[in-house]
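Engineer: Take a look at the following structure, please.
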Amino acid sequence: MSSLELHHIEKSYGSYHALRGIDLTVEQGEFIVMVGPSGCGKSTLLKSIAGLEPITSGTMMINGRDVTHAQPGDRGIAMVFQSYALYPHMTVAQNMGFGLRMAKRPKTEIEEAVTKAAQILRLTDQLEKLPKQLSGGQRQRVAIGRTITRSPEVFLFDEPLSNLDAALRTQMRVEISTLHAKLGATMIYVTHDQVEAMTMASRIVVLNAGRIEQVGSPLELYRNPDNFFVAGFLGAPRMNFFAGRVVQVSTGHVTVQCPLVEPFDVAVVDNAKLAAGDSITIGARPEALGIGSDGGFPAKVHLVEHLGRETILYADAGALQTIGSDTGTGNLTVHLPDVAPFTKGDPVHLRFDPADAYLFGGDEQATLSIPKSI
Amino acid sequence: MPNFWRQHRGWIAPTLFIMPAVVLFGVVIVASSVQSLWISLHDWDGMSPMHWVGLGNYQELFRDPQFFTSLKNNCIWLVVFMLAPPLGLGIALLVNQQIRGMRLVKSLFFIPLVLASVAVGVVFTWVYTPGFGLLALVFSAFGATAPALLSDENLVTFAVVFAALWPQVAFCMVLYLAGLNSLSDDLIGAGQVDGARGLNMLFHVVLPQLTQVTFIAIAITAIGALRSFDMVSVMTQGGPFGSSSVLAYQMYEQSIFSYRFGYGAAIASVLFAIMLVFIVWYLSRIMRADDRGA
């Protein structure tokens, strides 16, 4: 039995469609991370699961129980809000026990649950304090503690770490992952931070404009994005894209041409439906671009970011028609796994292995190159 | 000169800006209060020289049955006015719903706020008019005869307070509406997820967020009840036989109609002392809140 099933969830505000036919099945114990750009509907979807946002159509099951029209408190869910949403007039212990109190559970049971949650989250010394006396990280832990005490079937997290500073965020990320392992509970986590998505998820759900673009393990999504959007959304720095054209179609592969680069062969999927002359988008991850003193194609260093163990190079390759680059047309991002002695204005030669390239084409900008090994 | 300005602008500018308020407050409030206290120790008709009587006015006051009637009426005002905050909250919760046409309903509830209290008094005087007033019509629809509220010495104060309650409830409603709009959606959401519904939601999640609003509503309502004057003046002039008078009206009546400025000032001083309790409570709360905020 699945922990959570969403069948064709639709949500519209007048003529605006926030969610368009969301289908998703989550197994018991999974850690699902929903990512997507602002306004993609990820928070709306989470609030719909919580019952805080009514949906227009579709059905929702939690542990086999239809909860489409159930009240938030009756769904067997608990939620951590971005703003923590702690009750400011209640102590930490009262905050954590409030759900049980509303469920009219006996006092001893509430105390027991609060004590246990406080132990897990190292809040035992803070139980009598008010939220305003706590630090950001502690408030976050109280918000999580409030969900634990209710032992829900599904935990929901709405961008819980976005109000914390970078160091604390890393720490809480580890704590939430540890908590997930310890409780073995189903968790659904919304974020716009792809590091959180990649590091915490057992499966990532990529949302865009109210639709699910792709669902899969972090590595699956990173190595084999279904389409241009997912390829561009996951990975930092972002995948390089440039415009190209099909010059020849053979069985199993096509020959592709783009400015500056010699025509090269890319293995494509069977149903690629490409013909000579078709415009396509070529993608190459920053780490797939190599650098040399000759060969490949010439470019000029535009900006260097020295990150210690690694170096990010932004290079200008004039004639190459890059698409949606972070830093403007003509710019390629190169990720070098070491210290690199480049400075602005240096001429470099870039090259990539066609086996590492992605092809995107057709109306949907679907991935046409064959899947890569993980 | 520019050098002088640069060295001293740290205190010159704030002083200049605060000055008008200080002067105005000093003249209108502080000086007149002190002068009023001074007058209360004299026998004075407003024209001839003042005659020192010490605490004589106060001694007379505490033997004056009219003073105790007024004091009792002020207490009635205070108690009945305390209905305004909860009623205002109830209406605010009602009109805060996202229902079509609610904007119109909301603006209807706003109306008494834009009416002059004199107009409210006149409207209610008509409502209470025996024979053809709205109240009389309602009673006659049930075959009964409406009591002549404004000429019944036992009911008259309640009738006046009820009229004054109307704008006061609207005022509290506006305060609560503003408070409700500033509530965090997430907090309500958290309450819903925790299973709080209906009254539980109201008492455990919503109202605790509105304590500051509730405090302001109660304090302002209390002070409004104590300084009530205009409705009494318009609807009854304290009558019948002073039975609906309040301290503020009695003070006015004694000073202006009976030319007993000293006696009126003594009433004013007692009223001031009563109000001081609420004002000190209000200010200390506000200052404590400021300290916490800083």
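Engineer: So which residues in region B:180-190 are open to solvent by 10 Å² or more (accessible area, probe 1.4 Å) and either touching a Cys at 6+ places or on another chain (Cβ under 6 Å) or at the interface with chain A (Cβ under 8 Å from one of its Cβ atoms) (or both)?
Structural biologist: Within region B:180-190, B:SER184, B:ASP186, B:LEU187 meet the criteria.
Engineer: Let me ask something else. Kindly indicate which of B:PHE229, B:PHE257, B:PHE261 is in contact (Cβ under 8 Å) with a residue 12 or more places away in the chain and closer than 27 Å to B:LEU155 by Cα.
Structural biologist: Of B:PHE229, B:PHE257, B:PHE261, the one residue that is in contact (Cβ under 8 Å) with a residue 12 or more places away in the chain and closer than 27 Å to B:LEU155 by Cα is B:PHE229.
Engineer: For region B:192-214, name all the residues that are under 25 Å from A:HIS69 (Cα atoms), within 11 Å of chain A (Cβ to nearest Cβ) and in contact (Cβ under 8 Å) with a residue 24 or more places away in the chain.
Structural biologist: Listed by number, the list holds a single entry, B:VAL206.
Engineer: Failed condition for B:LEU177, given (1) of a type in the set (A, V, I, L, M, F, W, C); (2) under 24 Å from A:LEU52 (Cα atoms); (3) within 14 Å of another protein chain (Cβ to nearest Cβ), with all others met?
Structural biologist: (3)
Engineer: Consider B:VAL156 carefully, then state whether it is aliphatic (A, V, I, L, M), away from chain A (no Cβ under 14 Å), touching a helix residue (DSSP H, G or I) at 6+ places or on another chain (Cβ under 7 Å) and over 30 Å from A:LYS47 (Cβ atoms).
Structural biologist: For B:VAL156, the condition - aliphatic (A, V, I, L, M), away from chain A (no Cβ under 14 Å), touching a helix residue (DSSP H, G or I) at 6+ places or on another chain (Cβ under 7 Å) and over 30 Å from A:LYS47 (Cβ atoms) - is met.
Engineer: Would you confirm, using the coordinates I've provided, whether A:LEU100 is within 23 Å of B:ARG197 (Cα to Cα) and in contact (Cβ under 8 Å) with a residue 60 or more places away in the chain?
Structural biologist: Answer is no for this residue.
Engineer: Let me ask something else about it. Among strands (runs of 3 or more DSSP E) lying entirely in region A:181-271, which contain 1 or more residues that are among the aromatic types (Phe, Trp, Tyr) and touching a Leu at 6+ places or on another chain (Cβ under 9 Å)?
Structural biologist: A:186-190, A:240-250
Engineer: Those residues that are open to solvent by 70 Å² or more (accessible area, probe 1.4 Å) and touching a helix residue (DSSP H, G or I) at 6+ places or on another chain (Cβ under 8 Å), I need them from region B:1-29; list them, please.
Structural biologist: B:TRP5
Engineer: Quick one: A:THR59 ticks every box in (1) within 28 Å of the chain's Cα centre (by Cα); (2) more than 8 Å from chain B (Cβ to nearest Cβ); (3) part of a loop (DSSP other than H, G, I, E, B) except a single one, so which number is it?
Structural biologist: Every condition holds for A:THR59 apart from (3).
Engineer: How about region A:74-101: which of its residues are surrounded by fewer than 21 Cβ atoms within 10 Å (Cβ to Cβ) and facing chain B (nearest Cβ under 9 Å)?
Structural biologist: Of everything in region A:74-101, those that are surrounded by fewer than 21 Cβ atoms within 10 Å (Cβ to Cβ) and facing chain B (nearest Cβ under 9 Å) turn out to be A:ASP74, A:GLN82, A:SER83, A:PRO88, A:HIS89, A:MET90, A:ARG101.
Engineer: Turning to a different aspect of this structure: Could you go through region A:356-364 and let me know if any residue there is open to solvent by 10 Å² or more (accessible area, probe 1.4 Å) and more than 25 Å from A:ASN227 (Cα to Cα).
Structural biologist: Looking for residues that are open to solvent by 10 Å² or more (accessible area, probe 1.4 Å) and more than 25 Å from A:ASN227 (Cα to Cα), one finds none in region A:356-364, hence no.
Engineer: How many residues are of a type in the set (Lys, Arg) and within 19 Å of A:GLU159 (Cα to Cα) when one looks only at region A:125-149?
Structural biologist: Within region A:125-149, residues that are of a type in the set (Lys, Arg) and within 19 Å of A:GLU159 (Cα to Cα) number 3.
Engineer: In region B:53-108, what residues are part of a loop (DSSP other than H, G, I, E, B) and more than 30 Å from B:GLY264 (Cβ to Cβ)?
Structural biologist: Selection gives B:LEU83, B:ASN96, B:GLN97, B:GLN98, B:ILE99, B:ARG100, B:GLY101.
Engineer: Related question: So, of the residues in region B:121-146 that are surrounded by 13 or more Cβ atoms within 10 Å (Cβ to Cβ) and of a type in the set (S, T, N, Q), which turns out to be farthest from B:THR157 (Cα to Cα)?
Structural biologist: The residue in question is B:SER140.
Engineer: Quick check on A:LEU164: is it aliphatic (A, V, I, L, M) and over 22 Å from the mean Cα position of the chain (by Cα)?
Structural biologist: The answer is no for A:LEU164.
Engineer: From B:PHE132, B:PHE139, grab the single residue that is away from chain A (no Cβ under 14 Å) and part of a helix (DSSP H, G or I).
Structural biologist: Going through B:PHE132, B:PHE139 in turn, just one is away from chain A (no Cβ under 14 Å) and part of a helix (DSSP H, G or I): B:PHE139.
Engineer: What about B:SER32, is it within 13 Å of B:GLY264 (Cα to Cα) and either out of contact with any helix residue (DSSP H, G or I) (no Cβ under 8 Å at 6 or more places or on another chain) or polar (S, T, N, Q) (or both)?
Structural biologist: no
Engineer: Here is a follow-up. Provide a single number: the residues in region A:141-166 that are in contact with an Asp or Glu (Cβ under 9 Å, 6 or more places away or on another chain) and either in contact (Cβ under 8 Å) with a residue 60 or more places away in the chain or open to solvent by 10 Å² or more (accessible area, probe 1.4 Å) (or both).
Structural biologist: Total satisfying the criteria: 7.
Engineer: Among the residues of region A:272-303, how many are open to solvent by 20 Å² or more (accessible area, probe 1.4 Å), under 16 Å from A:GLY345 (Cα atoms) and part of a strand (DSSP E or B)?
Structural biologist: Going through region A:272-303 one residue at a time, the tally reaches 6.
Engineer: Now a separate question. Out of B:VAL114, B:VAL174, B:VAL156, B:VAL193, I need the residue that is open to solvent by less than 20 Å² (accessible area, probe 1.4 Å) and under 30 Å from B:THR211 (Cβ atoms). Which one?
Structural biologist: B:VAL193
Engineer: For region B:247-270, check the following and say yes or no: at least one residue is in contact with a His (Cβ under 6 Å, 6 or more places away or on another chain), surrounded by 20 or more Cβ atoms within 10 Å (Cβ to Cβ) and part of a helix (DSSP H, G or I).
Structural biologist: Yes, because at least one residue in region B:247-270 is in contact with a His (Cβ under 6 Å, 6 or more places away or on another chain), surrounded by 20 or more Cβ atoms within 10 Å (Cβ to Cβ) and part of a helix (DSSP H, G or I).
The values are calculated or read from the model by the stated rules, or taken from the named source; none is laboratory data. Since we're looking at a predicted model, the values are computed, not measured. When we count neighbours, we look across all protein chains shown, and the Cβ atoms used for this are built from the backbone with ideal geometry, even at glycine. With ligands, DNA and RNA removed, areas are computed over all heavy atoms of the protein, side chains included. Shrake-Rupley method; radii C 1.70, N 1.55, O 1.52, S 1.80 Å.
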